[in-house]
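Reading through the structure tokens given below for one structure.
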Amino acid sequence: MSLNVIQPKPRLSGRELVRIVLSMSVACLAGAAVLGLVYLGTDRYRRASAEAAERGAIHDMLGLEADARLLEVRQYLVPGARRVVYRAAPLGATSGTAHEVTFTLDGALAGERDVPVAVPVGKELTPLGRMFVAARAGQPAGFVVQGETRGYKATIRLFVAMKPDFEIVDMRVIELQDDPGLGAEVAQPWFREQYVGRTAEEIARLDVTRDPMPEDWKQALVALARRAPDGPARHRDLLQRERTRPIYAVTGATISSRAVTEGVRKTVDHFRRRWWLLAPHLEGSL
Amino acid sequence: MSTVIHPGPAPGARQLILNGIFAENPVFRLALSLCPAVAVTTTVLNGLLLGVAVLFVQVLSSVTVTLAKRLIHPRVRIPVYTVIIAVWVSAIDMSLAAFAPALYAQVGLYVKLIVAFAIIISRLEVFASRQPLVPTFFDGLGMGLGFLLALLMIGAFRELLGSGSFAGIPLVPGKPLLFFALPAGGFFSIALLMALFNWIERRNQGGRAGPAKSAGGHGV
């Protein structure tokens, strides 16, 4: 083949045109076929690993034993009818029944029913969020709630894990686009560890400070994030000193730090209010 | 531009691989794909992962083009190359998501961008579309390795200076020169390493050669 980029191109004949269209079409069709095959070959594994990762993260955050029961509750908005639907089913279930509870926007019960898990929710329903309820002996043993907040660049998504009395036991940033080395530091274990052990009331009043974090507290947070069983006992004095203080912002990333704090606050607050409504209707599913 | 077009008989495999790593290193010599090279190289591991993905895409796309070159109409060769690259990028994207979810969470965003990497399409145009299968394979391999090594070097340099760590292991407390972790610092890192590359090459030539070939080029 010769280099013909600089020579003036001859006029296209009809046959030439057909060959060009054919060439492009064949390339696209062959590409689509390859992608289809790869999708078929990998999708099952992708879903399985995404679910395993999620389940692992939840167990990890709540410190659950491997066989603990986990209920996934998805929340949807029915836009026209101004209703909120909660659909609860064991995490990862593909068969069996899901329990559906519907509330109006003012919190009045509007309906309750059992549906097969395999039946998808209506297309008109807008997903609002997800939460996971761990159960032990028919009682809730902990919650993991998905929340989101506006970060410095894009939405930050997070998981907040709580005890049944809504005290924070862990927090994870699961989606973040802030700058590496700056805003992205809010996903670091030492940063999220600052929220752990605060009650819902403390979280509701939680503030962020730009003061530098004391070096001993930073080291304690790194150690505590490893979740050694004797961690809280060893750092008791520091915990007593720091738990009443505000969250120390990441240096150079006050906006991201505030955003995460606000996200945790909103997530806990919304979930508490929802759970009072929802709990009586989920007793049968736990 | 130091990219040379290869219509004649191709050199041997070893020569082609060395060519991709040194004489025509995509980042330090051809100055192609600098934007992604800056975007992902805040740490060594990110650089390594993207480098490996690029290596696979380059080899697969080069081989596909050389095998299918008689079927590709010359007037639409660039769109067809783009489709071929996009197919392999998507295939690698899906495979990573399925089999290496932890890695994918880190580099997923950048893997999709490989479609627009100038280095890949330029190798298809200047080499794969003019050469038989075997040299094309080694050219793709050499270019992929050259890109991978360049990303590793930039990543190590920036992580060491910007975050004071190597591959996530902290070496010094604090952040010695945070500037290098920021996007602008990425360009300075590349410039410094490029200068080092030129210096080494001139020393190796014993000062016989004149000024190093200027690396001109543009593209994403």
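The values are calculated or read from the model by the stated rules, or taken from the named source; none is laboratory data. Everything numeric here is computed off the predicted structure, so don't read it as measured data. Quick reminder, even Gly has a Cβ in these numbers, built from the backbone with ideal geometry, and neighbours come from all protein chains shown. For accessibility, only protein heavy atoms count, side chains too; no ligands or nucleic acids. Shrake-Rupley method; radii C 1.70, N 1.55, O 1.52, S 1.80 Å.
Structure above, values below:
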| quantity | calculated |
| --- | --- |
| Residue among A:Arg15, A:Arg44, A:Arg87, A:Arg19 that is open to solvent by 60 Å² or more (accessible area, probe 1.4 Å), more than 10 Å from chain B (Cβ to nearest Cβ) and of a type in the set (D, E, K, R) | A:Arg15 |
| Which numbered condition A:Leu77 fails, given (1) part of a helix (DSSP H, G or I); (2) modelled with pLDDT of 85 or more; (3) under 24 Å from the mean Cα position of the chain (by Cα) | (1) |
| Condition met for A:Lys123 (within 14 Å of chain B (Cβ to nearest Cβ), outside any strand (DSSP E or B), open to solvent by 20 Å² or more (accessible area, probe 1.4 Å) and basic (Lys, Arg)) | no |
| Checklist (1) under 28 Å from A:Asp178 (Cα atoms); (2) at pLDDT 90 or above; (3) touching a Ser or Thr at 6+ places or on another chain (Cβ under 7 Å) applied to B:Leu32, failing item | (2) |
| Selection count where residues are hydrophobic (A, V, I, L, M, F, W, C) and either in contact with a Gly (Cβ under 6 Å, 6 or more places away or on another chain) or open to solvent by 40 Å² or more (accessible area, probe 1.4 Å) (or both), scope the range A:60-84 | 4 |
| Residue match in the range A:97-105 (condition: more than 13 Å from chain B (Cβ to nearest Cβ), open to solvent by less than 90 Å² (accessible area, probe 1.4 Å) and farther than 30 Å from A:Arg130 by Cα) | no |
| Some residue of the range B:104-114 being under 28 Å from A:Ile20 (Cα atoms), of a type in the set (A, V, I, L, M, F, W, C) and open to solvent by 10 Å² or more (accessible area, probe 1.4 Å) | yes |
| Entirely in the range B:2-76, the helices (runs of 4 or more DSSP H) that have 1 or more residues that are within 13 Å of another protein chain (Cβ to nearest Cβ) and surrounded by 24 or more Cβ atoms within 10 Å (Cβ to Cβ) | B:34-40, B:44-68 |
| Complete set of residues in the range A:126-155 that are open to solvent by 20 Å² or more (accessible area, probe 1.4 Å) and not in a strand (DSSP E or B) | A:Ala137, A:Gly138, A:Tyr152, A:Lys153, A:Ala154 |
| For A:Arg55: the one exception among (1) open to solvent by 50 Å² or more (accessible area, probe 1.4 Å); (2) within 14 Å of chain B (Cβ to nearest Cβ); (3) farther than 27 Å from A:Arg273 by Cβ | (3) |
| Filter result (over 16 Å from A:Thr261 (Cβ atoms) and within 16 Å of the chain's Cα centre (by Cα)) within the range A:163-183 | A:Val169, A:Ile174, A:Glu175, A:Gln177 |
| Condition met for B:Leu124 (touching a residue at least 12 places away in the same chain (Cβ under 8 Å), assigned to a helix (DSSP H, G or I) and over 18 Å from the mean Cα position of the chain (by Cα)) | no |
| Neighbours by Cβ (under 8 Å, 6+ apart or cross-chain): first from the range A:162-186, farther than 22 Å from B:Gln106 by Cα; second of a type in the set (D, E, K, R) | A:Phe166/A:Arg272; A:Glu167/A:Arg198; A:Ile168/A:Arg198; A:Val169/A:Lys163 |
| Hits in the range A:156-206 - residues which are away from chain B (no Cβ under 14 Å), buried (at least 18 other Cβ atoms within 10 Å of the Cβ) and assigned to a helix (DSSP H, G or I) | A:Val186, A:Phe191, A:Arg192, A:Glu193, A:Gln194, A:Tyr195, A:Ile203 |
| Count of the range A:211-249 residues which are of a type in the set (A, V, I, L, M, F, W, C), under 21 Å from A:Thr261 (Cα atoms) and open to solvent by 50 Å² or more (accessible area, probe 1.4 Å) | 1 |
| Failed item in (1) touching a Pro at 6+ places or on another chain (Cβ under 7 Å); (2) open to solvent by 80 Å² or more (accessible area, probe 1.4 Å), with A:Glu112 passing the rest | (1) |
| Any chance B:Leu171 is open to solvent by 40 Å² or more (accessible area, probe 1.4 Å) and touching a strand residue (DSSP E or B) at 6+ places or on another chain (Cβ under 6 Å) | yes |
| Residues (open to solvent by 20 Å² or more (accessible area, probe 1.4 Å) and either within 13 Å of chain A (Cβ to nearest Cβ) or touching a Gly at 6+ places or on another chain (Cβ under 6 Å) (or both)) located in the range B:119-131 | B:Glu125, B:Arg130 |
| Selected residue (criterion: farthest from the other protein chains (Cβ to nearest Cβ)) from residues of the range B:132-155 that are open to solvent by 40 Å² or more (accessible area, probe 1.4 Å) and farther than 16 Å from B:Ala53 by Cβ | B:Phe138 |
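A quick yes/no check of all residues on (1) touching a strand residue (DSSP E or B) at 6+ places or on another chain (Cβ under 8 Å); (2) more than 19 Å from A:Gln75 (Cβ to Cβ); (3) of a type in the set (S, T, N, Q):
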{"position": "A:Gly96", "(1), (2), (3)": "yes, yes, no"}
{"position": "A:Ala118", "(1), (2), (3)": "no, yes, no"}
{"position": "A:Leu128", "(1), (2), (3)": "yes, no, no"}
{"position": "A:Gly147", "(1), (2), (3)": "yes, no, no"}
